[in-house]
Structures are given as structure tokens and as C-alpha cells.
Amino acid sequence: MAARSAIGLDIGTSGVRAAELSFGRHGVTLEKFGQVAVPPGSVRDGEVVEPVAVAEAIRELWAATKFSRKDVVLGIANQRVVVRTVEVAWLPPAELRKSLPLQVADQLPMPVNDAVLDFHPLEEVHGPRGRMLRGLLVAAVRESVLGNVRCVERAGLRPTSVDLTSFAVLRSLGARGLDDTRTEVLVDVGARVTNIVVHTAGVPHFVRILLMGGNDLTDALAERLGTSLAEAEGIKQSTGLDAGPGVSPNAVRTIDGSAQALVDEIRGSLDYFRSSFAGTPPERVVLSGGGSTLRGFAARLEQGVRIPVVQGNPMQTMRLGRTGLDDAQLALVQPLAAVPVGLAMGANR
């Protein structure tokens, strides 16, 4: 019998990316991976603002990569998505879904009728209010979700579900051996959005979405040096955080300051987690995302958070099919694959 397959689609600030996985007797296989750039400004902080341009990029991606189907799992992460730990009354799953809007309405920063809700139970607790479920509540402004969905439909695709990109990162990078019960932090640094997930053996404790990423460094550099964004990106990549002699002091100071601001935000999120979940101290950080590849960033982050930082590989636990990518190309796309791979993995739950 043919293996079942799924495609995860990530609409990012700098490009659209998709991964096709198949699920068979021998495990998960990466069949296809592709990416296409989107025009600057067409996606803002995770929300599509120029649907015609983004839809055209998605059509180009499908034509170039030759994906086998048009059904996709779509990722979402933007400034109008809220993730927080809540307690709700214990109910069977079907009844819980129906009652969720009533149970959490007073905990939302938006009208409940304007929100798309999801709840991920973590544990059952007992207290003064009786039998309860503690879990992660995800709430997104409905119109922001529908905007991205309509764009994908405009491109001729069929979104079968919408998933939080933070959970996609957890799925692709948080799977380890059954005997590995360490608590770790997953940090996926995109162009404008950084996902932070703290988990133990794949069970999330804490999720935060930062509206900061690699393009913030590029913007600051372009403004300071008076160059184009393309030139600033080249300078950023060639300079990094461990520049030697002969590099523009202005460039070094700007990159250093912008990178440190991102490190400070990540450290602040971890400090909050440590103070709120004292019994589960994180033992390491696993990095992914295009913004994480800046030379010297991993070392700077390790210095800031005071625990080891390693580079994640969302492809390490899967087989490679006929992706059409050679080893060098696979190495280049590896940091970018965590979200689309994790979205596709979600279809196999």
C-alpha cells in the first residue's frame, strides 16, 4: 500500500516554504522541499498583506517543486496570536470544544466571537473548583487567519487545517528517544517572527512568539549605513558577530546591538519561564530558522541564556527521498525546514 503523504506550508516574511513528507512502514520520508521569495512588504509579521503577490509566489513554488498534491497544512504566527496557560473545567473532548469559548472568554485580549480557539491539554488538576484541565490556550484573530487561508486558496491550494508554527517547531525538533526526558528550549528565528517553545520529552510547558527576527538586523544596518536592504543583508552575513579587523565599526556596532536585543528578549522569556516553572529548569537551547545562521549568534545566545546552545536538524530523524536537492543544498535549507516539516508531521497525528 502506498505511503500516506502530507505537505506543510509556511508563509514567512521573506518567502514561502513547503515540505512534503510521506509516512510508511519504515518511518517518515522527506519527499520534497522548496522555497520561493516573496516581494518585500507582501507579508508583514506573519500576516499576508499583498495576497496577489504571495499567491503568485505559492503557485511558482508548486510549479518548481512538483509537489504531489494541493492539500496543505498551513502555519500561523503573528502579533494577533495569543498563547497562554489556562485551567478549564474537565469535560470530554467534544464537550470541551463546544464550551471553550464560554470558559475562556474573560481571559482573551479580543472578543471571543472574533477569535479562532484551540486548546492543548497538558495535565489534569484537582482544586477548589473540582476536576480541571491545565493546558495551552491558542487564540488568534479570525480575520488574520482567514486572510492567509484565502491567499492559499487564491493560489489554487486547499488548506486542510491551520496550525501554530510554534507547535510545528516542537514536532520537528522536539522528538527524541523515550529515555531522554531533558527539558529544553526550542528557538526558531525567522525573518520577523521568533518562536520559543519550552518542552520536556515533546510536552510543551511554555510558548512565546516574538515579533523580532533576522530582518530586524538587516533593517538597522541599512538605516545606519544608508545602503539598500540587499546590500545590508550581504554585509550582515559577511560580518557576523565575530568580525575581524578591517570591518566597518558602524556595521559591527549595529549588528552587535541588534543581535543583543534579540538575545535579551529570548533571555527574558526564559527568565520568566524559570520563575514560573521552577521545577523544570531547561538544560539546553536548540536553534533553527534562517535568522539563527548568523555567524556567532549561537555563541552570543549561549552567553546570554547560560545553558548550552546547539543547532537543530529537523531532518535528522527521517529518510530522504528524491528531493532533487544535493547535500550542499540540503545543508542550506536545513535551518529553514523546521516549520514546514513540523506542519506536515502534524497531519499524521
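Quick notes on this one:
- Applying the condition of being within 16 Å of the chain's Cα centre (by Cα) and not in a strand (DSSP E or B) to the stretch 147-166 and asking which residue is surrounded by the fewest Cβ atoms within 10 Å (Cβ to Cβ) yields Asn148.
- Filter result for Val286 (crowded, with 19+ Cβ neighbours inside 10 Å, in contact with an Asp or Glu (Cβ under 7 Å, 6 or more places away or on another chain), in a strand (DSSP E or B) and modelled with pLDDT of 90 or more): yes
- Meets criteria (outside any loop (DSSP other than H, G, I, E, B) and over 19 Å from the mean Cα position of the chain (by Cα)) for Asn113: yes
- Residue, farthest from Lys32 (Cα to Cα), within the stretch 302-340, restricted to residues that are exposed (fewer than 12 other Cβ atoms within 10 Å of the Cβ) and among the acidic types (Asp, Glu): Asp327
- Candidates Gly127, Gly75, Gly135: the one that is in contact with a helix residue (DSSP H, G or I) (Cβ under 7 Å, 6 or more places away or on another chain) and not hydroxyl-bearing (Ser, Thr, Tyr) is Gly75.
- Residue within the stretch 289-300 that is in contact (Cβ under 8 Å) with a residue 24 or more places away in the chain, crowded, with 17+ Cβ neighbours inside 10 Å and outside any helix (DSSP H, G or I) present: yes
- Residues in the stretch 2-53 that are in a loop (DSSP other than H, G, I, E, B) and of a type in the set (Phe, Trp, Tyr): none.
- Filter pass, Gly174 being within 24 Å of Gly240 (Cα to Cα) and crowded, with 20+ Cβ neighbours inside 10 Å: no
- Any hit, the stretch 98-105, residues being surrounded by fewer than 16 Cβ atoms within 10 Å (Cβ to Cβ), assigned to a loop (DSSP other than H, G, I, E, B), out of contact with any helix residue (DSSP H, G or I) (no Cβ under 6 Å at 6 or more places or on another chain) and at pLDDT 90 or above: no
The values are calculated or read from the model by the stated rules, or taken from the named source; none is laboratory data. Keep in mind that this is a model prediction, so the values were computed, not measured. We place every Cβ from the backbone using ideal geometry, glycine too, and count neighbours over all the protein chains shown.
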